[in-house]
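The values are calculated or read from the model by the stated rules, or taken from the named source; none is laboratory data. Only a predicted model underlies this, so the values are computations on that prediction, with no experimental measurement involved. Neighbour counts are summed over all protein chains in view; Cβ atoms, including those assigned to glycine, are modelled from backbone coordinates with ideal geometry. For accessibility, only protein heavy atoms count, side chains too; no ligands or nucleic acids. Shrake-Rupley method; radii C 1.70, N 1.55, O 1.52, S 1.80 Å.
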Amino acid sequence: MKIIDRFLQKVGADKVLHFTIAALITAWSGNFGDLGLIIGALGVTAISYIKERFDEEFCIQDIFYSMGGAIMSIIVYLCGYGL
């Protein structure tokens, strides 16, 4: 548990949530095929950007973490095809 606490303190819970939720939404959209996966990844990135515009402080790193979560889901999706 100490490892997780130190990781969350170092990275920040908000960035971990951005990564996790973006990966989850992208993975769910992969159920609709390749096009659904692409739309999901682009949609998550757009939603993350819009969310940051309404925050008190705009943080570009949160958008990058969301994109990282989407990319991770795409990589896992492609590994399922044996690529």
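Some observations on this one:
- Residues (open to solvent by 70 Å² or more (accessible area, probe 1.4 Å) and touching a residue at least 40 places away in the same chain (Cβ under 8 Å)) located in region 68-83: Met72, Val76
- Ile3, sole failed condition from (1) closer than 15 Å to Ala70 by Cβ; (2) at pLDDT below 95: (1)
- Residue satisfying all of: in region 17-52; free of Cβ contacts under 8 Å to residues at least 12 places away in the same chain and open to solvent by less than 70 Å² (accessible area, probe 1.4 Å); farthest from Ile71 (Cα to Cα) among these: Glu52
- The single condition among (1) under 26 Å from Val11 (Cα atoms); (2) under 13 Å from the mean Cα position of the chain (by Cα) that Glu52 does not meet is (2).
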